[in-house]
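Just below is one structure, and these are the notes that go with it.
The values are calculated or read from the model by the stated rules, or taken from the named source; none is laboratory data. Because the structure is a prediction, the values reported are computed rather than measured. Virtual Cβ from ideal backbone geometry, glycine too; neighbours counted across all protein chains shown. In case anyone asks, the SASA skips ligands and DNA or RNA and just uses the protein heavy atoms, side chains included. Shrake-Rupley method; radii C 1.70, N 1.55, O 1.52, S 1.80 Å.
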Amino acid sequence: MFHFRLEEPELVEPEALLALDRDEDFSPFLKFAQTRRSLERDTADGALSQDADAVAAHAQSPVLVAQTGRFALS
């Protein structure tokens, strides 16, 4: 998927424009409300540490995937 996005940047450009326009319906994370509830549940169940910032860790995931792809291409 990462290679495809590099080869077809026009798929990403509309998302970037929506973000730059501060479109209220745009979200870089699909179904974030559901994800947040799942993270809260996992923390309450003990699957995630109480002192961990699960939302921050989730937000970093796409960055880590992108960086992994970037280094794999080098």
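Quick notes on this structure:
- If the condition is being among the aliphatic types (A, V, I, L, M) and not in a helix (DSSP H, G or I), then the range 15-38 contributes only Leu30.
- Matching residues in the range 39-65 - criterion: being of a type in the set (Asp, Glu), assigned to a helix (DSSP H, G or I) and surrounded by 11 or more Cβ atoms within 10 Å (Cβ to Cβ): Glu40, Asp42
- Within the range 8-27, residues that are open to solvent by 70 Å² or more (accessible area, probe 1.4 Å) have Cβ atoms under 9 Å from residues that are among the hydrophobic types (A, V, I, L, M, F, W, C) and in a helix (DSSP H, G or I) in these pairs: Leu11/Phe4; Asp25/Leu18, counting only partners at least 6 apart in sequence or on another chain.
- If the condition is being hydrophobic (A, V, I, L, M, F, W, C) and either touching a residue at least 12 places away in the same chain (Cβ under 8 Å) or open to solvent by 100 Å² or more (accessible area, probe 1.4 Å) (or both), then the range 28-38 contributes Phe29, Leu30.
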